[in-house]
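Only one structure is covered here, and it is reproduced in the block below.
The values are calculated or read from the model by the stated rules, or taken from the named source; none is laboratory data. Just so you know, these numbers come straight off a predicted model, no measurement behind them. We place every Cβ from the backbone using ideal geometry, glycine too, and count neighbours over all the protein chains shown. Side chains included, ligands, DNA and RNA excluded: accessible areas come from the protein's heavy atoms. Shrake-Rupley method; radii C 1.70, N 1.55, O 1.52, S 1.80 Å.
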Amino acid sequence: MYRLGVLAALFATPALADPDGYGHMSGWGYGMGMMFGPILWIVVLGLVVAGVVWFVRNTDVGSSTRGKSDAMSELDLRFAKGEIDAEDYTARKKLLTGE
C-alpha cells in the first residue's frame, strides 16, 4: 500500500512532470483555449436543449395520435356489440375524425 501511495504522489506532482518550470501548454498561454472554450460549451448546451425539445415534441405527438385510435377502436367495438346504432356510430365517428 505504501508503494502505491508513493507512486501516486510522484505522478500527481506537476513539478516532476515539467522540470524547467510549470508552463501552460508549452508557452501557448490561454489564447486559444479561452477563446474557443466558451463557444464549445454554448454549442454543447444548445445541442442538449435541442435534443430535449425534439424528444418532448415526439412523445407528445405519439400520445395524441394513440388516444384517437383508441377512441375509434372503442367506438368500433361498441358498434359491433350493438350498443349503438348506425346513425349514432356515424355521428360519433365524424366527431372523432373531425370531418
* Working only within region 72-85, note down all residues that are open to solvent by 60 Å² or more (accessible area, probe 1.4 Å) and of a type in the set (A, V, I, L, M, F, W, C). => L77, F79, A80
* Structure fact -> S63 passes all but one of the listed conditions (1) surrounded by 10 or more Cβ atoms within 10 Å (Cβ to Cβ); (2) modelled with pLDDT under 70; the exception is number (1)
